[in-house]
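The next block holds one structure in the form of structure tokens; read it before the comments.
The values are calculated or read from the model by the stated rules, or taken from the named source; none is laboratory data. As the structure is a prediction and not an experimental result, all values here were calculated from the model. Here the Cβ positions follow ideal geometry from the backbone for every residue, glycine too, while neighbour counts run over all protein chains shown. These accessible areas exclude ligands, DNA and RNA; they are computed on the full protein's heavy atoms, side chains included. Shrake-Rupley method; radii C 1.70, N 1.55, O 1.52, S 1.80 Å.
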Amino acid sequence: MKSVLEFRARKGQAPISMISAHTHWEARLVAESPVDCVLVGDSVVTVIDGEPTTFAATPEIMARHVAAVARGLGDFASRKLVVGDFPFLVARQGRAAAVEVAALLLRAGAHAVKIEGVDGHEDIIAHLVQSGVPVMGHLGLTPQTVHALGGYKVQGRDPSSAAELLRQARALEAAGVFGLVLECVPAPLAREISAKLAVPTIGIGAGEGCDGQVLVMTDLLGLSPGPAPRFVRRFAEAGQAAREALAAFHAAVAAREFPSARESYGGAKE
Ligand code: KIV
């Protein structure tokens, strides 16, 4: 999938697979996979830098990782759809700041940007869309407002907050988003929102009724340390493979078994 037009056209057709990836090596793997599209999420600062929240992400950090991912995905014409995350509070700093950050991310190689929430910055979203910058929404558990939400909790559990989420989803659609992420929302509510919107929804912890699914690459590879949230499925145990490889390296060094003559220079036969 190479464009937001293809993304939108998938509604009601085949489910969309999206990976949140941050590095060049991850992008190289995604490029060789059938996965549809890539989000360069602001989770980069939690995954790569060990930050406790996504607040540390800045426009410069996001642009640097968008560029690394874009290089890993190949040249622009053949590149899979890349969405770059708007970092903490940028959408609240007015039109000029939002336009500047959108330009930074698109120049770095993104095709679109993702913005958390809607109330109070729907005009910014609409302005970007009207300026030709495709915008993806993000509702439910929005990590940039974790303190206001009282923690990393499932959203929309009671009827009034469920109705509120549906209203926000409609407001995003009215502002012109080409799709939206629903994070940590009860599956029946995510299914209802998905059915009522014309644009695709991408779920993470939102059940199978969404139009697509996203996972963070290191989570699905089994590389993330510590217990994973309930919605994560580890499609590989790369972390265990890495631990075994490190132990084997250490043992080979300790036994003077590595490097072998073949792995060294200067012998009689090279
Ligand atoms: O930052 C991120 O990786 C995200 C996804 C988890 C949706 O926003």
| task | Within the range 87-121, track down each residue that is within 13 Å of the ligand (Cβ to nearest atom) and of a type in the set (A, V, I, L, M). | result | Val113, Ile115
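Collect the residues in the range 246-260 that are loosely packed, with under 11 Cβ neighbours inside 10 Å and either under 28 Å from the mean Cα position of the chain (by Cα) or not basic (Lys, Arg) (or both), keeping them in residue-number order.
Within the range 246-260, Leu246, Ala247, Ala254, Ala255, Glu257, Ser260 qualify.
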| Segments classed as helices (runs of 4 or more DSSP H), wholly inside the range 7-94, with at least 1 members that are closer than 21 Å to Val129 by Cα and either open to solvent by 10 Å² or more (accessible area, probe 1.4 Å) or among the β-branched types (Val, Ile, Thr) (or both) | 59-73
| message | Residue under question is Ala110, and the condition is that it be surrounded by fewer than 19 Cβ atoms within 10 Å (Cβ to Cβ) and either under 20 Å from Pro87 (Cα atoms) or hydrophobic (A, V, I, L, M, F, W, C) (or both); does it hold? | response | no
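What about Gly41, is it under 28 Å from Gly150 (Cα atoms) and not hydroxyl-bearing (Ser, Thr, Tyr)?
yes
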| note | So, first residue on the phi > 0 side of the Ramachandran plot and free of Cβ contacts under 8 Å to residues at least 60 places away in the same chain in the range 101-122, second residue polar (S, T, N, Q) and within 16 Å of the ligand (Cβ to nearest atom), Cβ within less than 6 Å, six or more apart or across chains; the pairs are Gly117/Thr142
